[in-house]
Amino acid sequence: MIFFGTRASNIGNFNLQNSDCSYCEMSDTQRISVFGKYAHIFWIPVFPIGKTVIAECTHCKRTIEQREFPPSLNTSYLMNMTKAKRPLWHWLGLGFVGFLFALTTLLGIIGASAEPDPRSDMLNADVNLMVKNPTMESDSISYKIKSIFDDFANEDIDPEKFKYLTKISGEKALVLVQIPKLRKVKKEGRMQALEMIELITDSQQAFEGKEMYIGVKGLITMMVIKTPTYEKNSRLALTSKLYDFYGPEPVSSE
Ligand SMILES: [Zn+2]
């Protein structure tokens, strides 16, 4: 049994003025019937896919399809075609998917505003603690990462404006680097930036055996994120994946 395919429903009937039948030659006898085709899954319409248009002579009953219409009849039909309107239910499936999508987005927004993840503030606080000139004493690992970027980063992206922070908490380590002009850096270049960071972190005794949380931020958003369970190098990288550095997601108080 096939549960998907196309079906059609009659979506309009109207008479055309100034039309002659090419068989019986009577005037004003052409009646148009329009059938709207739609794709269905389990007989539920999903979206529309084209129309079938038929003209019937009310006098001699001959029917012709649109491709057989004489030019004058076709022109007449085209001028009147808005009389056959496709009903919204031909869009039922896609409309429903769109509705669900809008609903989950809305619930997500409501949920986010009702229950802010406190780890988001912790990350923002650390982002604000990033500095342009980490010292060997204050943050030796940032200092080393900065040295390698100063040597290898392209001058076009202003390495002197990069900011750094590294942090260890229990079995986890966080590395944040901000490259304000990261949007100018191509995907491979961003990958190299991550590799440079890991070149340093992998060789640090302090980071040995730690779960690494690495975030490379552009001017506004994180674009390269690597955690024990997530790796993304794109504008769609999910900053929230870094939250696990601060601990598991808090359970809703309700
Ligand atoms: Zn006729």
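The values are calculated or read from the model by the stated rules, or taken from the named source; none is laboratory data. Everything numeric here is computed off the predicted structure, so don't read it as measured data. Note that each Cβ is placed from the backbone with ideal geometry, even for glycine, and that neighbours are counted across all protein chains shown. Areas reflect the complete protein model, heavy atoms only, side chains present, ligands, DNA and RNA absent. Shrake-Rupley method; radii C 1.70, N 1.55, O 1.52, S 1.80 Å.
Full extension from residue 15 to residue 133: what is 0.36 nm times the residue separation minus their Cα-Cα distance, to one decimal in nm?
Details: separation 118, 0.36 × 118 = 42.48 nm, distance 8.10 nm.
Full extension from residue 15 to residue 133 adds 34.4 nm.
Considering the Cα positions of region 4-95, please state its Rg to one decimal place and its Dmax as a whole number of Å.
14.8, 45
Can you tell me the length gained on complete extension of the stretch residue 199 to residue 101, counting 0.36 nm per residue apart and subtracting the Cα distance?
Working: separation 98, 0.36 × 98 = 35.28 nm, distance 4.17 nm.
Contour length minus the Cα-Cα distance gives 31.1 nm.
Just report the Cα centroid separation between region 188-214 and region 46-74, whole Å.
For region 188-214 versus region 46-74, the Cα centre distance is 69 Å.
Determine the sum of side-chain charges near residue 123: Lys and Arg each +1, Asp and Glu each -1, restricted to other residues whose C-beta is under 14 angstrom from that of residue 123. Write out the running numbers ahead of the final one.
Numbers: positive: 119, 167, 172, 217, 241; negative: 117, 121, 126, 244, 249.
That sum, taken over residues with Cβ under 14 Å, equals 0.
Considering the options 182, 43, 9, tell which one lies farthest towards the positive end of the dipole of the chain, charges being +1 on Lys and Arg and -1 on Asp and Glu at the Cβ, about the Cα centre.
Positive-end residue among those listed: 9.
Return one whole number: the accessible area per residue of the chain in Å², for a 1.4 Å probe. It would help to have the intermediate numbers written out before the result.
Working: 15580 Å² over 254 residues.
Heavy-atom SASA per residue in the chain reads 61 Å².
Please give, to one decimal in nm, the separation of the simple spin-label points placed at residue 234 and residue 110, each 7 Å out from Cα toward the Cβ.
For the pair residue 234/residue 110, the computed spacing is 3.0 nm.
If you take every residue apart from residue 15 with its C-beta less than 15 Å away from the C-beta of residue 15, what net charge results, scoring Lys and Arg +1 and Asp and Glu -1? Intermediate values should be presented prior to the final figure.
Values: positive: 31, 61, 83; negative: 20, 28, 56.
Charge balance near residue 15 sits at 0.
Using only alpha carbon pairs under 8 Å that are at least six residues apart, calculate the relative contact order of the chain and give it in whole percent. All intermediate terms of the calculation are to be shown ahead of the outcome.
On the way: 408 pairs, mean separation 29.2, N = 254.
Relative contact order of the chain: 11 percent.
Sticking with the crude label model, points 7 Å out along Cα→Cβ, report the distance from residue 25 to residue 94 in nm, one decimal please.
Spacing of the two 7 Å Cα→Cβ label points: 4.7 nm.
Pull out the extension gain between residue 44 and residue 167, defined as 0.36 nm times the separation in residues minus the alpha carbon to alpha carbon distance; nm, one decimal. Before the final figure, lay out each step's value.
Values: separation 123, 0.36 × 123 = 44.28 nm, distance 5.50 nm.
Roughly 38.8 nm would be gained on extension.
What share of Cα pairs, in percent, lie more than 17 angstrom apart in region 108-167? Walk me through the intermediate numbers first.
Details: 932 of 1770 pairs.
Summing the P(r) tail past 17 Å for region 108-167 gives 53 percent.
Can you find, among 218, 110, 74, the residue sitting farthest towards the positive end of the charge dipole of the chain, where Lys and Arg contribute +1 and Asp and Glu -1 at Cβ?
74
Which residue fluctuates the most in the chain, going by a Gaussian network model with Cα springs under 10 Å, if the choices are 160, 65, 171?
Result for the chain, Cα springs under 10 Å: 65 fluctuates most.
When the Karplus curve 6.51 cos²θ - 1.76 cosθ + 1.60 is applied with θ = phi - 60°, which whole-Hz ³J(HN,Hα) does each residue of region 46-56 get, with x for Gly and Pro?
With the stated coefficients, region 46-56 comes to 10, 7, x, 9, x, 9, 10, 10, 10, 10, 10 Hz.
Kirkwood-based Rg over Rh for region 157-216 (C-alpha set), two decimals? Each step should come with its number before you reach the end.
On the way: Rg = 12.2 Å, Rh = 12.3 Å.
Reported Rg/Rh (Cα atoms, Kirkwood Rh): 1.00.
Nearest 500 deg cm²/dmol is fine: what mean residue ellipticity at 222 nm does the chain get from its DSSP H runs of n ≥ 4 alone, each adding -39,500 (n - 2.57), divided by its residue count?
Working: 5 runs with 72 residues, N = 254.
Only helices count here, giving -9000 deg cm²/dmol.
Can you tell me the relative contact order of region 118-246? Whole percent, Cα pairs under 8 Å, sequence separation 6 or more.
Values: 212 pairs, mean separation 28.5, N = 129.
Contact order relative to length: 22 percent.
Evaluate the Debye formula for region 118-246 with equal point scatterers sitting on the alpha carbons, no solvent, and hand back log10 of I(q)/I(0) at q = 0.19, 0.20, 0.21 Å⁻¹, in q order, two decimals.
-1.06, -1.19, -1.34
Report the net charge of residues surrounding residue 53, where surrounding means a beta-carbon distance below 13 angstrom and charges are Lys +1, Arg +1, Asp -1, Glu -1.
Details: positive: 31, 37, 51, 67, 83, 86; negative: 56, 65, 68.
Every neighbour counted, the sum reads +3.
How large is the convex hull of the Cα atoms of the chain per residue, expressed in Å³ as a whole number? Walk me through the numbers on the way to the answer.
Working: hull volume 60.0 nm³, N = 254.
Convex hull volume per residue, Cα atoms: 236 Å³.
Using the Cα centre as the reference, give the magnitude of the dipole from point charges on the C-beta atoms of the chain (Lys, Arg: +1; Asp, Glu: -1; all else neutral), rounded to the nearest 20 debye. Write down the numbers at each step before the final one.
Numbers: 30 positive and 29 negative charges, 225 e Å.
The calculation lands at about 1080 debye.
Please state the relative contact order of region 4-95 as a whole percent: Cα pairs under 8 Å, 6+ residues apart? It would help to have the intermediate numbers written out before the result.
Details: 186 pairs, mean separation 27.0, N = 92.
Once divided by the residue count of region 4-95, the mean separation gives 29 percent.
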